[in-house]
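The values are calculated or read from the model by the stated rules, or taken from the named source; none is laboratory data. Because the structure is a prediction, the values reported are computed rather than measured. FYI the Cβ positions are ideal-geometry reconstructions off the backbone, even for glycines, and counts take in every protein chain you see. With ligands, DNA and RNA removed, areas are computed over all heavy atoms of the protein, side chains included. Shrake-Rupley method; radii C 1.70, N 1.55, O 1.52, S 1.80 Å.
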Amino acid sequence: NADLESKIANPKNWAMQAGDMFNQRYSKLKQINTGNVGKMQVAWTFSTGVLRGHEGSPLVIDGMMYLHTPFPNKVFAMDLDTQKIVWRYEPKQDPSVIAQMCCDTVYRGLAYAEGKIFLQQADSTLVALDAKTGKQIWSAVNGDPKLGAVNTNAPHVFGDKVLTGISGGEWGVRGFVAAYDINSGKLVWKAYSTGPDNEMLIDPDKTVTWTDGKMAPVGKDSSLKTWKGDQWKIGGGTTWGWYSYDKATNTVYYGTGNPSTWNPSQRPGDNKWSMTIMARDMNTGMAKWVYQMTPHDEWDFDGINEMILADIDVKGKPTKALVHFDRNGFGYTLDRVSGELLVAEKYDPKVNWATHVDMKTGRPQVVAKYSTGQNGPDVNTKGVCPAALGSKDQQPASFDPNTKLFYVPTNHVCMDYEPFEVSYVAGQPYVGATLSMFPTPDSHGGMGNFIAWDAGKGKIVQSKPEKFSVWSGALNTAGGLSCFGTLEGYLKCVDAKNINKELYKFKTPSGIIGNVFTYEHKGKQYIGVFSGIGGWAGIGMAAGLEKPTEGLGAVGGYRELADYTQLGGSLTIFALPN
Ligand SMILES: O=C(O)c1cc(C(=O)O)c2c(n1)C(=O)C(=O)c1cc(C(=O)O)[nH]c1-2
């Protein structure tokens, strides 16, 4: 999309959720740098008026800021000269959708192109608004919230289409990605994550996958063959993460989530193509290549985390790479053009459910005692690391083209996992497991680390311990900074060359699960972040839950959070003093 590309090319804007289409979360701005960031101050703040978890970030386009909130998904357009709210859009949504959302009523943010703001409501309505007036231009029905098909993902504009996904892996929703025409809102293509080839937009002869050390066609019914009966119809593989796009090959990349139910005995087989990296042609949606990271998931390791596109050296060879930090604890580097698997190494040293990834088959080698399904349901498998929320969840990492390293917010949490038999009832939770989570034993003392990762070698270069999981998206800048938020509520900026050198720290009003962003206005650089505790890690506070196994096991794991922060959505904007 030429218009969006021109907005991205100007580093004064923050025109996409990740700053660009490669999902790099890197800014060329450098007024705020390692030498002066210590003097940074709060320039202004804004309360969103919504209490639950605030993910994503605002967009900034040509002097206007566009802010979103969790359910009820309000949108504010703010003039950065006056900080006046120029327009607001407050959709009317049936509050019954709140109970259909697994991991808080989060929303990961807006998209922009050609004078339009795209809003993906929780009730699955996709809306295009006039960026000047806030008037609705079109709306499209993307899924049925009564069946648990809700939305939390940000829409993404690539070319002349706006892409959106679906949530509801815990309701037996069959995942898909849908592409709508940005001008008319008409559905152009829809690609399911499971099922018959024609509904998955898979060509049995042309869609390839990593097989015995090389790429080979997936063959006929590659998904259907890996499910028992019709289980694929309620088989999950939802698509609520961040998508990326390479214009050079017109390819969109995203990941699919867990297979439903969480009770593995009810769905023998590899359950393709849940837990999969998808590379699709943006015009037609046809799958070019696919790679399943966690066949027959037994831990809820959704594969939806962002795919970061970067040109790096992999084992000494310049490579057009795709880098992905999966929930399962492995950091993957693939050739983004061919789909070949190049590197798969643990980015969390405490991962114990698999010893390694067999580089020939691409399959993780599961440790029998951490297989939660091997003995059938009603057996509690103890001490699996990481927990279901993964060594990293949706909080996106950044790539710094100067250091050539990836900056990754991580979780150090383990779990006990007990599956049970569950029947599918349309519109009801379809989970089938009881979980308890707890901080990783013998960790560095905290529940997360911020790490710098060499994706060409598959090695942690540096690691900065944090008290809680780092559930905030990172930002790197040409000023040599790497910035992220913490669950206690600190915005931190560290030296990208030495991440243990904390150069700036400020306690915002609530825990941070939003993503750090930056922009320039009237010659001044600003760094900003949403605070507002929630998401899966903060679900206890956000939804008022108390039993340790509630919130799918997260309530007990993060019980200490309440000693450090409380609810409340706000935006904090930082700048150097005048
Ligand atoms: O399977 C799904 O459809 C689905 C949806 C979501 C979501 O939409 O937020 C999450 C998850 N799963 C999930 O497994 C998960 O760890 C998670 C964390 C969060 C969050 O925002 O903190 N959402 C979700």
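Structural remarks
- Cα-based Rg / Dmax (Å) for the stretch 203-295: 13.5, 43
- Solvent-free Debye calculation, one equal scatterer per alpha-carbon of the stretch 408-502: log10 I(q)/I(0) at 0.11, 0.17, 0.20, 0.25 Å⁻¹ equals -0.46, -0.80, -0.95, -1.26.
- Mean separation of Cα contacts under 8 Å (6+ apart) over length of the stretch 459-578, as relative contact order %: 20 percent
- Counting every C-alpha pair in the stretch 33-185, the share spaced more than 18 angstrom apart comes to 58%.
- According to the Kirkwood relation over distinct C-alpha pairs, the hydrodynamic radius of the stretch 1-49 is 13.1 Å.
- Computed extension length for residue 355-residue 379: 6.4 nm, one decimal, from 0.36 nm per residue of separation with the Cα-Cα distance subtracted.
- As a calculated quantity, the FRET efficiency between residue 562 and residue 45 at R0 = 22 Å, using C-beta atoms, amounts to about 0.45.
- Probe 1.4 Å, all protein chains present, accessible-area order of 460, 202, largest first: 460, 202
- Accessible area of the chain divided out per residue, in Å², using a probe of 1.4 angstrom: 32 Å²
- The stretch 482-550: C-alpha gyration tensor shape, a/c 1.5 cut-off, then a/b vs b/c: prolate
- Additional length obtainable on full extension of the chain from residue 92 to residue 311, 0.36 nm per residue less Cα span: 74.5 nm
- Measuring how big the stretch 510-552 is from its alpha-carbon positions, Rg and Dmax come out at 15.6, 50 Å.
- Mean Cβ neighbour count within 10 Å, used as a protection proxy, ranking 123-133, 353-363 highest first: 123-133, 353-363
- Residue 30-residue 133 FRET efficiency (beta carbon distance; Förster radius 45 Å; 0.05 resolution): 0.80
- Nearby lysines by direct alpha-carbon distance to residue 459 (threshold 18 angstrom, same-chain neighbours under 8 apart not counted): 315, 317, 346, 350, 392, 404, 497
- The Rg/Rh ratio for the stretch 307-370 is 1.00, where Rg is the radius of gyration of the alpha carbons and Rh is the Kirkwood radius.
- Put a dot 7 Å past the Cα of residue 550, heading toward its Cβ, do the same for residue 459, and the two dots end up 4.7 nm apart.
- A 1.4 Å probe, protein heavy atoms only, puts the accessible area of residue 307 near 0 Å².
- Estimated inter-spin distance, residue 524 and residue 248, nm [label 7 Å along Cα→Cβ]: 3.9 nm
- If you take the alpha carbon atoms of the chain and fit the smallest convex hull around them, that volume is 124 Å³ per residue.
- In range of the label at residue 3: residues from the stretch 103-136 whose backbone nitrogen is under 16 Å from the point 7 Å along Cα→Cβ: 111-119, 127-136
- The chain, relative contact order [Cα under 8 Å, separation at least 6], %: 15 percent
- Compactness of the stretch 450-511, expressed as Rg and Dmax over alpha-carbon positions, Å: 11.8, 39
- The stretch 73-124 shape via C-alpha gyration tensor axes, a/c threshold 1.5: prolate
- The mean of 1/r over all pairs of different alpha-carbon atoms in the stretch 340-406, once inverted, gives a Kirkwood hydrodynamic radius of 14.4 Å.
- Pairs over the 25 Å Cα-Cα cut-off, from the set 190/233; 7/84; 132/505; 74/161; 161/247: 132/505.
- The stretch 137-218: Rg to Rh, with Rh as the Kirkwood radius over Cα pairs: 1.05
- The stretch 101-159 - convex hull of alpha carbons, volume per residue in Å³: 84 Å³
- The stretch 1-115 shape via C-alpha gyration tensor axes, a/c threshold 1.5: prolate
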